[in-house]
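In what follows, a structure is listed as structure tokens, so that the remarks can point back to it.
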Amino acid sequence: MGTTDPSSFEVLGALDRAKTQWYHFTTIVIAGMGFFTDAYDLFCISTVTKLLGRLYYYDPSTGKPGSLPPNVSAAVNGVALCGTLCGQLFFGWLGDKLGRKKVYGYTLLLMIITSIGSGLSFGHSAKGVISTLCFFRFWLGFGIGGDYPLSATIMSEYANKKTRGAFIAAVFAMQGFGILGGATVSIVVSAAFRNAFNTPIFTVDPVGSTPPQADYVWRIIFMLGALPAACTFYYRMKMPETARYTALVAHNNKRAALDMGRVLQVDFTNINESNTLTTTKQEYGLFTTQFAKRHGLQLLGTTSTWFLLDIAFYSQNLFQKDIFTAIGWLPSAKKMNALEEVFRISRAQALIALCSTVPGYWFTVAFIDIVGRWIIQLMGFFFMTLFMLILALDYYPLRGQPCPKGFCGGNHITFVVLYAFTFFFANFGPNATTFIVPAELFPARLRSTCHGISAACGKAGAIVGAFGFLYAAQGQHPGEPDPGYPTGIGVKNSFIGLAVINGLGFLMTFLVPETKGRSLEDLSGENEAAKEPSNTTVQSA
């Protein structure tokens, strides 16, 4: 490993000890608005999927509202996840190659363009609209993917070691507001159109229940996702490069000191102005024996836990229809018009986000630097496993039996509370910690790349969850699956499968070390290079 000028570590040590500054909160907002947009764009598709089916795939011979065929539904819901996986790998590598700041703004620009493009998907035929929509959503996901490694790395490298976990978690917690924001926008837009057009329910007028104007609803919802990203684009482009990248990767100590002195009100004197590294050994790369020995098990831990977590997290959304129907939030599709269906689905998602998803994120922010990452992740996987098992073992008594109103009998309040708790402990647990830890463990020159690899494994899990359990959760007997789907193992058995997956996540957490309260250079081993005393003096401004 290369040895870095000890004055670099004086700069970074001051950064670790720096008091919380206004710029820390500014960075949270700038990075966080990207994650707000990420969640808005990824999750708002679930509020309009039913509408797309009614608009473009209605078949009068079925006697049922239109619905997306299985292959089309998989494409519409999964193409953004595929793009996100590719973007995480590409921008993660690029963030280490060119610097975090140089590529940070372009991920946001890509999201702005493709959000608008998604809403402008052209053509009146189903094939034309869906094909165009999938094209733009792939590239939307590609931009979203870049936000994961870059935002996490930038926030970890700006933060002091005392509150680093809370700052990174706060950036990620903006996802909760993004999910809530997407559902809220869907509620407002669908309600406005519902009030403007007196539309009958499907059983009264199958064709009239989906007015032509409903085509504007999903387009408006998608395009409004560009607004929060556009509002922060300028500020992203004005951010300086992180001191850790400048000092440890670009090897420009003077530039690092000036940048950090400007934003954190810390004065550095007698900084070595050399722009070069004093090297005794060649730095090891990602695909080397040295990396495998030092960080191999850690990377296995961060990738496997994120993979397992996202299988469970993204597949949970597939069960909402069954659960919302059981508790009376979502009537039969025939008893609603298209606009009413969007409104009710969005309202149900907003309630789940408000009561469980958002609080879970902010519990993590509050406790992560007190309890630690490892305990929170272990606790989250444990309770996700527990609640999934309870839902599985008592599924029919809690849900009730089918009846004309949906499901009768059962204990619907307990049913939805247990379901909400799985989301709460996902977010006050591994959904947050799997994002935080990869930004802390690895050397600066590989940090963004390793975070991108970990995040991409997570999205691979999301694809498995979204696609695999979409089919697995279908009913076990003929006539029970959704139109076009084969029989599956049922929701109850799917919950058992997810409980097993969460249990595996609990076990794999033991490969991940605790990072609370330690400097990034200590965690990565980079400070082993700084053995000699430095003549650098650091003074608080």
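The values are calculated or read from the model by the stated rules, or taken from the named source; none is laboratory data. Only a predicted model underlies this, so the values are computations on that prediction, with no experimental measurement involved. So basically every Cβ, Gly included, is an ideal-geometry build from the backbone, and we count neighbours across all protein chains shown. For the accessible areas, the whole protein counts, side chains as well, though only heavy atoms, and no ligand, DNA or RNA atoms are used. Shrake-Rupley method; radii C 1.70, N 1.55, O 1.52, S 1.80 Å.
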Exercise. Tally time: how many residues in segment 40-50 are crowded, with 24+ Cβ neighbours inside 10 Å and part of a helix (DSSP H, G or I)?
Worked result: 5
For this session: Consider Gly479 carefully, then state whether it is over 23 Å from Phe387 (Cα atoms) and not basic (Lys, Arg).
Result: yes
Exercise. In this structure, is Phe387 out of contact with any Pro (no Cβ under 7 Å at 6 or more places or on another chain) and of a type in the set (Phe, Trp, Tyr)?
Worked result: yes
Seminar exercise, completed: Inside segment 460-494, the number of residues satisfying the requirement of being touching a Phe, Trp or Tyr at 6+ places or on another chain (Cβ under 7 Å), outside any loop (DSSP other than H, G, I, E, B) and within 26 Å of Thr84 (Cα to Cα) is 7
Problem set entry | Only listed residue being at pLDDT 90 or above, surrounded by 24 or more Cβ atoms within 10 Å (Cβ to Cβ), in contact with a Cys (Cβ under 6 Å, 6 or more places away or on another chain) and part of a helix (DSSP H, G or I), chosen from Gly141, Gly182, Gly176, Gly165 | Gly182
Seminar exercise, completed: The residue from Leu354, Leu391 that alone is over 20 Å from the mean Cα position of the chain (by Cα), in contact (Cβ under 8 Å) with a residue 24 or more places away in the chain and either more than 30 Å from Gln298 (Cβ to Cβ) or not in a helix (DSSP H, G or I) (or both) is Leu391
Seminar exercise, completed: Per the filter on segment 501-512, residues over 22 Å from the mean Cα position of the chain (by Cα) and either surrounded by 19 or more Cβ atoms within 10 Å (Cβ to Cβ) or not aromatic (Phe, Trp, Tyr) (or both) are Leu507, Leu511
Exercise. How many of the residues making up segment 194-223 are open to solvent by 40 Å² or more (accessible area, probe 1.4 Å), in a helix (DSSP H, G or I) and not β-branched (Val, Ile, Thr)?
Worked result: 7
Seminar exercise, completed: Subset of segment 234-257, residues in a helix (DSSP H, G or I), hydrophobic (A, V, I, L, M, F, W, C) and under 15 Å from Leu98 (Cα atoms), comes to Met237, Ala243, Ala247, Leu248, Val249
Exercise. Within segment 413-430, can you find the residues that are outside any loop (DSSP other than H, G, I, E, B) and under 8 Å from Gly360 (Cβ atoms)?
Worked result: Phe423, Phe424, Phe425, Ala426, Asn427
Problem set entry | Unique match (being in contact with a helix residue (DSSP H, G or I) (Cβ under 7 Å, 6 or more places away or on another chain) and under 30 Å from Arg447 (Cβ atoms)) among Leu51, Leu85 | Leu85
Seminar exercise, completed: Among (1) touching a residue at least 24 places away in the same chain (Cβ under 8 Å); (2) in contact with a Leu (Cβ under 7 Å, 6 or more places away or on another chain), Asn411 falls short only on (1)
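Return the residues of segment 57-81 that are in a helix (DSSP H, G or I) and more than 29 Å from the chain's Cα centre (by Cα); say none if nothing qualifies.
Pro60, Ser61, Thr62
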For this session: Check segment 439-447 and report whether any residue there is part of a helix (DSSP H, G or I), open to solvent by 50 Å² or more (accessible area, probe 1.4 Å) and of a type outside the set (Gly, Ala, Ser).
Result: no
Seminar exercise, completed: When segment 211-242 is checked residue by residue, the ones that are under 21 Å from Asp147 (Cβ atoms) and hydrophobic (A, V, I, L, M, F, W, C) are Ile221, Phe222, Met223, Leu224, Ala226, Leu227, Ala229, Ala230, Cys231, Phe233, Met237, Met239
